[in-house]
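One structure is given here, and the rest of the page talks about it.
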Amino acid sequence: MKITSLSLVRGNAAHFALAALILLLPALAQAAPYKRPAEDNLERVLANSRREQVKSVNYALHFTFRKGQDEYAGHAVITADLSTTKMPLSLDWLGKAPDKISVNGEEIKDFKTQTGSLEIPAAHLKPKTEISIEFTNTFSKEGDGIQHVVDPEDKAEYVYTDFEPYHAHELFPCFDQPDLKAHFDLTISAPSEWKAIGNELVDTQKTEGDLQVTRFKTTPLLSTYLFFVGAGPYQEWKDSEGTTPIYIYARKSLARYVDVENIFTTSKKGLRFYSGYFGFAYPFSKFGLLFAPEFGWGGMENPGAIVANERNLFRGPVPKSRRDGRDSLILHEMAHMWFGDLVTMRWWNDLWLNESFATYMATIAQDRALGTSTAWQDFAGGKGWGYWQDQLVTTHPIETEVKDVRTARGNFDGITYAKGGAALEQLHFFVGEDGFQSGVQDYFRQHAFGNAEREDFVGAIAASSHKNLNAWTHAWLQTAGLNRVSAKWACQNGELSSFSLLQEPSSSHTLSPHRTRVGFFHKENGELKLIKSVDAAFSAKATKVSLDAAIPCPDFVYPNLDDKDYALYSIDETSLKNTSLVLGGGVKDPLLRLLVWNTLYQMVRDAQLTPARYFELASAGLSQEDDDNVLANILGKHSQLKDAYHQYLSPQEREQIAPAFETAIWNRVLGADKGSSRQMTFFDFYSKTVQSKSRLADLRTMLEKNTPPAGIELDQDRRWAILLNLARHGDAKASTLVEAESARDPSDSGRRFAYSSRVATPAMDSKKQFWKAVESPEKIPPSTLRMAAEEFHQPDDLKLSEYFVKEYFQRLKKINWKKSDQLVEVYFESLFPRNLCSKTLLVQSQAELKSATNLTPLARRSWLEGNDELARCVKISSHR
Ligand SMILES: [Zn+2]
């Protein structure tokens, strides 16, 4: 899976101690029968015991979809070998009670259902058991499981599934755990003008009445979370790489925006590269990408039918960074075809084996197979997510115990993806190219179509590289938190006389072994020239770095020059004085400039640098930076600069800074080459952040008269971005314009923008309306709910936010969190009134958390993280 929002889902972390306990629990042999709780959850203890009980699973599945219905019919025939028939068989199932169940040819009535499961009594079981289940069920309303979406533009209906980590059992009864891989025989009956899509190629097709019956070929062994069912009038495109057919699907109304040629090219290059690098031919019979309506993640790696977010279909010209982002997504999901799909983690504690790899390998593939020179810059940018997560009170080791699937859901986070990716970079660096690549190849050969654990992977790399990786495993995978590293140095007689690296212990009190490269720079004709770089390994609190040759006293030192290390490096006082020179283009290496940008932001968050000083440096940098990808990282989707602007400056400070800041950006729009990526990057940032009255009025006129600066096309997405910003600032004509725009753009993207614009409006009525609507979240499409919730609190509208504080906490303590993990994100990230940034709120929120009795581990973790971010903001504010 790939996440596009930096913190889309976070979850429970406090579960490490359970590891030992689970190992001690009685295995099947001594079985005191396991009493399954009535909830939609799967505990590892049951998954383990079921793995012993059940072998050689096959699913023959038939689903029937008809137009205009909110339910579907299903028939599942499950065959399996059972190691014991003395205990009942528990299936995962979240749906209506089945209409009919037969076991080994005989109908049974004494099956038991409860929330989340279905139990077949032991009396009916045989060593080879066949269970036939007929059922009808409703489509999911929450963005997971089986989705049914109606396109508001042409009323076309689309069905597709999304199952990770634990949602396949919302479509059909099954053993929904990754290590009970099965063959799937899928049949779909659907209206004849619809396409039926599965993991496999179509085997046969025939017409029955008004339905078309499509039978797919049998899949190789797959985990349930990777099974896919899709149906609807999707547009299809086809190409191939060698003998592998490649398919693209998108809904009809977006077909004209599908950049078919580029998507095929990236897919073909990626397939060639991975097959070669992994020494293992593409393991499935087809490669497919489906851009799915209302899909909230970045992508999902179903073999043969990857699901991707429609944000990757651009409705107008976009900067190159957006196309690079789409390539990165495709290569990430494609890497999963091997890491995750071919070889799958046994249980969710090893999720990092999937995600770290996909993240790291996608960067290698982008660099080597597509020749994207900026791939490592983007990787460095992505580490920010890891740094952020790893500083929270809820951080956890990369390798972590996961007692149940609800906990698993919380681990799709910055540790699993970004820190894990950084750890692999260190491993690769440590064992060398050959050791890494041949270890990976051995791993695939040994575990193809099976399951594996960390020991298997690290063991393969250790064997191929002849290195002992125990210390590495402990330092990188089994401890939480990160180290802060700073440089301390002095000069004498114009030469560097001493240089030390100081390391602070991580939140788990660990000092880690690091390898880094320190760069020493000297000022010359307005530039900073690299005089020398020195490699340094350190693991102590303070390490004196030996300098072989004399180094002239530097003007600027950067202690993580090529970004090989994962730690929070700061910039020393002397170097800080020359930082504006770095950002102003005085350093030629764009990666280093980006690293310095990121370091400054981290220093703000650590209260080592005031936001005001940061913006002084940033303004200078923004007027000079000439690398498009550095700009895309600073100003693009996950802009730290924008976050700092809205979170860490008070409204008064922002008002003071705004005129110069906006002018600097606008001048870059006008000065850039017409239609260039750079011009679009600056324009898009400008239209999202501008707040001065006169500039907002200009923006509105530009929209009304369609008079953008030469080179910029006001396509539908840009028009909405401007409108949304006008709405946020209470522009008098915003609501009229939003209504007019809705008529012009009836697509569901248009609906989302229109709805969100109303929520963003600084008026009590709009806020109250949304506040009420969120009480029935199932009535709002999930992606609309997420986007609108983001707009509820605005940086300057403190009075409006204050009004809801009391009710907010009341609601947090009343919601039945067990019923919805989706709401966790909405409430604890988007609706948390972080903009208030006040000590009083922090104290109140901590007290409310203490007295709450209704929280799931995921909700508790997210609340703690909300408090943590609030505390940081308070600390930064008191510093300014
Ligand atoms: Zn992934």
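Could you tell me which residue of the stretch 347-403 is nearest to the ligand (Cβ to nearest atom), considering only residues that are part of a helix (DSSP H, G or I) and charged (D, E, K, R)?
Step one: of the stretch 347-403, the residues part of a helix (DSSP H, G or I) are 348-368, 375-390.
Checking the rest, the ones that are also charged (D, E, K, R) come to 350, 355, 367-368, 378, 383, 390.
On the way: D350: 13, E355: 5, D367: 18, R368: 20, D378: 16, K383: 17, D390: 19 Å.
So, considering only residues that are part of a helix (DSSP H, G or I) and charged (D, E, K, R), the one nearest to the ligand (Cβ to nearest atom) is E355.
Looking at P505, P559, P554, which one is surrounded by fewer than 18 Cβ atoms within 10 Å (Cβ to Cβ) and in contact (Cβ under 8 Å) with a residue 12 or more places away in the chain? Outline the logic, then answer.
Working: P559 fails: surrounded by fewer than 18 Cβ atoms within 10 Å (Cβ to Cβ); P554 fails: surrounded by fewer than 18 Cβ atoms within 10 Å (Cβ to Cβ).
When all the criteria are applied, what remains is P505.
Restricting to the stretch 799-814, what's the tally of residues that are buried (at least 18 other Cβ atoms within 10 Å of the Cβ) and under 24 Å from D40 (Cβ atoms)?
Of the residues in that region, 1 qualify.
Among the residues that make up the stretch 235-242, is at least one of them closer than 30 Å to Q441 by Cα, acidic (D, E) and either without any contact (Cβ under 8 Å) to a residue 40 or more places away in the chain or not in a strand (DSSP E or B) (or both)?
Within the stretch 235-242, one or more residues are closer than 30 Å to Q441 by Cα, acidic (D, E) and either without any contact (Cβ under 8 Å) to a residue 40 or more places away in the chain or not in a strand (DSSP E or B) (or both).
Does S580 meet the test of being outside any loop (DSSP other than H, G, I, E, B), in contact with a helix residue (DSSP H, G or I) (Cβ under 7 Å, 6 or more places away or on another chain) and either surrounded by fewer than 22 Cβ atoms within 10 Å (Cβ to Cβ) or at pLDDT below 95 (or both)? Explain how you work it out, then say what you get.
Working: outside any loop (DSSP other than H, G, I, E, B): yes; in contact with a helix residue (DSSP H, G or I) (Cβ under 7 Å, 6 or more places away or on another chain): yes; either surrounded by fewer than 22 Cβ atoms within 10 Å (Cβ to Cβ) or at pLDDT below 95 (or both): yes.
Considered against the rule, which asks whether it is outside any loop (DSSP other than H, G, I, E, B), in contact with a helix residue (DSSP H, G or I) (Cβ under 7 Å, 6 or more places away or on another chain) and either surrounded by fewer than 22 Cβ atoms within 10 Å (Cβ to Cβ) or at pLDDT below 95 (or both), S580 comes out as yes.
For the stretch 276-319, what are the residues that are of a type in the set (G, A, S) and touching a strand residue (DSSP E or B) at 6+ places or on another chain (Cβ under 9 Å)?
Matches in the stretch 276-319: A281, S285, G288, A292, G296, G298, G299, G304, A305, A308.
Answer with yes or no whether D442 is at pLDDT 95 or above and within 17 Å of F339 (Cα to Cα).
Values: at pLDDT 95 or above: yes; within 17 Å of F339 (Cα to Cα): yes.
Against the criterion (at pLDDT 95 or above and within 17 Å of F339 (Cα to Cα)), D442 qualifies.
Would you tally the residues in the stretch 285-305 being more than 15 Å from the ligand (Cβ to nearest atom), farther than 17 Å from S749 by Cβ and not in a loop (DSSP other than H, G, I, E, B)?
Qualifying residue count, the stretch 285-305: 3.
Quick one: is L496 of a type outside the set (F, W, Y), in contact with a Ser or Thr (Cβ under 7 Å, 6 or more places away or on another chain) and over 19 Å from N349 (Cβ atoms)? Steps first, answer last, please.
Details: of a type outside the set (F, W, Y): yes; in contact with a Ser or Thr (Cβ under 7 Å, 6 or more places away or on another chain): no; over 19 Å from N349 (Cβ atoms): yes.
No.
Given the criterion part of a loop (DSSP other than H, G, I, E, B), in contact (Cβ under 8 Å) with a residue 12 or more places away in the chain and touching a strand residue (DSSP E or B) at 6+ places or on another chain (Cβ under 8 Å), identify the matching residue among S140, S90, S132.
Details: S90 fails: part of a loop (DSSP other than H, G, I, E, B); S132 fails: part of a loop (DSSP other than H, G, I, E, B).
Of the residues listed, the single one that is part of a loop (DSSP other than H, G, I, E, B), in contact (Cβ under 8 Å) with a residue 12 or more places away in the chain and touching a strand residue (DSSP E or B) at 6+ places or on another chain (Cβ under 8 Å) is S140.
Condition (residue is touching a Ser or Thr at 6+ places or on another chain (Cβ under 8 Å) and of a type in the set (G, A, S)) applied to the stretch 259-272: is it met by at least one residue?
Keep residues of the stretch 259-272 that are touching a Ser or Thr at 6+ places or on another chain (Cβ under 8 Å), which gives 271.
Within this subset, residues satisfying the condition of being of a type in the set (G, A, S) are none.
Within the stretch 259-272 (the criterion being touching a Ser or Thr at 6+ places or on another chain (Cβ under 8 Å) and of a type in the set (G, A, S)), the answer is no, since none of the residues qualifies.
Given the conditions (1) among the small types (G, A, S); (2) surrounded by 21 or more Cβ atoms within 10 Å (Cβ to Cβ); (3) under 28 Å from R272 (Cβ atoms), report the number of the one that S240 does not fulfil.
Condition not satisfied by S240: (2).
For residues in the stretch 404-421 being away from the ligand (no atom under 16 Å from the Cβ) and among the charged types (D, E, K, R), which is nearest to the chain's Cα centre (by Cα)?
We begin by selecting, within the stretch 404-421, every residue away from the ligand (no atom under 16 Å from the Cβ); these are 404-407.
Then keep just the ones that are among the charged types (D, E, K, R); that gives 404, 406.
Details: D404: 20, R406: 17 Å.
Only one residue fits best here, namely R406.
Of all residues in the stretch 335-346, which are of a type outside the set (A, V, I, L, M) and either away from the ligand (no atom under 11 Å from the Cβ) or free of Cβ contacts under 8 Å to residues at least 24 places away in the same chain (or both)? Quick ask: steps written out before the conclusion?
First, the residues of the stretch 335-346 that are of a type outside the set (A, V, I, L, M): 336, 338-341, 344, 346.
Of everything in the stretch 335-346, those that are of a type outside the set (A, V, I, L, M) and either away from the ligand (no atom under 11 Å from the Cβ) or free of Cβ contacts under 8 Å to residues at least 24 places away in the same chain (or both) turn out to be W338, F339, T344, R346.
Go through the stretch 510-527 and give me each residue that's at negative phi and in a loop (DSSP other than H, G, I, E, B). Spell out the reasoning first.
So the first thing to find is which residues in the stretch 510-527 are at negative phi, and the list is 510-524, 527.
T510, L511, S512, P513, listed by residue number.
For every residue, the table says whether it meets (1) within 16 Å of the chain's Cα centre (by Cα); (2) more than 14 Å from the ligand (Cβ to nearest atom); (3) modelled with pLDDT of 95 or more; (4) not in a loop (DSSP other than H, G, I, E, B).
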{"position": "V307", "(1), (2), (3), (4)": "yes, no, yes, yes"}
{"position": "P317", "(1), (2), (3), (4)": "no, yes, no, no"}
{"position": "D327", "(1), (2), (3), (4)": "yes, yes, yes, yes"}
{"position": "I330", "(1), (2), (3), (4)": "yes, no, yes, yes"}
{"position": "E333", "(1), (2), (3), (4)": "yes, no, yes, yes"}
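Search the stretch 773-788 for residues being touching a helix residue (DSSP H, G or I) at 6+ places or on another chain (Cβ under 8 Å) and either of a type in the set (S, T, Y) or touching a residue at least 40 places away in the same chain (Cβ under 8 Å) (or both), and hand back the single one that is farthest from Q147 (Cα to Cα).
Filtering first and then ranking leaves V774.
Suppose we filter the stretch 101-129 for residues that are surrounded by fewer than 18 Cβ atoms within 10 Å (Cβ to Cβ) and assigned to a strand (DSSP E or B); how many remain?
So the first thing to find is which residues in the stretch 101-129 are surrounded by fewer than 18 Cβ atoms within 10 Å (Cβ to Cβ), and the list is 102, 104-110, 112-115, 119, 121-123, 126-128.
Still in the running and assigned to a strand (DSSP E or B): 102, 106-108, 112-114, 119, 128.
Qualifying residue count for the region: 9.
Among the numbered criteria (1) of a type in the set (G, A, S); (2) within 25 Å of Y387 (Cα to Cα); (3) modelled with pLDDT under 95; (4) under 27 Å from the mean Cα position of the chain (by Cα), which single criterion is violated by S877?
Going through the list (1) of a type in the set (G, A, S); (2) within 25 Å of Y387 (Cα to Cα); (3) modelled with pLDDT under 95; (4) under 27 Å from the mean Cα position of the chain (by Cα), S877 breaks only (4).
The values are calculated or read from the model by the stated rules, or taken from the named source; none is laboratory data. Owing to the predicted nature of the structure, the values given are computational and were not obtained by experimental measurement. Counting neighbours? That spans all protein chains shown, and the Cβs are built from the backbone with ideal geometry, glycine included.
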